[in-house]
Structures are given as C-alpha cells and as structure tokens.
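To start, the structure under review is shown below, and the notes come after it.
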Amino acid sequence: MIRQEFTSVYHIEDIRAAVNQTFEEHMPKINRNLLKSGKVSAAGYFLLIKVLMEMGGLDSLADFVRMAEQAGTLGAEYMKQSNSTLNEFLADGETVCRLAHLQADN
C-alpha cells in the first residue's frame, strides 16, 4: 500500500529525467573545473622544474633531464594507485623518499 501511494505521487521516469537533466547541466562545469585544475597542476610542475634548474646547481642539463624523467615515471605510477592507497602513501614520507631515491639509482 505504501509502495502504491509512493509511486502514485513520485513517478520513476520523472525522477530519472530530473536527475539526468541536472547531471547534464552540471557536467560542463565539472569538466571546466577539472581542466582548470589540470592547468594549474601543470603550471606548478613546470615552475618547480624552472626553480630547480636555476637554483639546483646541477652540473649538466642531462642530469636534470634524467631527474625530470624519473619524477615523471614516479608520478605516473602514483596516479595508477587507488585513493585509499594514495592516502597511506602520502602519509608515509619515508616511503616516498625511499622510492624517489631508488628511482634515482636506476
């Protein structure tokens, strides 16, 4: 009886249509925000590279290129992890430093 009353007032197709419409209206905004976030992240990455190149005192550009490539590899591996693993990973600075050091040795 409750189900009948509920479905007589709230029609499932109307609810689906409302949810889909809301989703379609918000997706462009979400996409724009993701693009902005990606651009800011990329800018920060390249700023860090510029600062390290100018202040790092490396003997050669080749050494720095190798370090940047290794950091990119670590970043790609990092992005493949699940969210719960990432939280644990970021909370363990010793592991992060050890991985970075191991990558540098390869």
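The values are calculated or read from the model by the stated rules, or taken from the named source; none is laboratory data. For clarity, every value in this text was computed on a predicted model and none was experimentally measured. No Cβ is skipped: glycine too gets one built from the backbone with ideal geometry, and neighbour counts run over all protein chains shown.
Among the residues of the stretch 56-84, which ones are in a helix (DSSP H, G or I) and farther than 26 Å from Thr95 by Cα? Leu61, Ala62, listed by residue number.
Scanning the stretch 51-101 for residues that are among the basic types (Lys, Arg) and surrounded by 10 or more Cβ atoms within 10 Å (Cβ to Cβ), we see that the one that is modelled with the highest pLDDT is Arg66.
Taking the stretch 7-37 as the range and being assigned to a helix (DSSP H, G or I), surrounded by fewer than 10 Cβ atoms within 10 Å (Cβ to Cβ) and not polar (S, T, N, Q) as the test, the residues that pass are Val9, Ile12, Glu13, Asp14, Glu24, Glu25, Pro28, Lys29.
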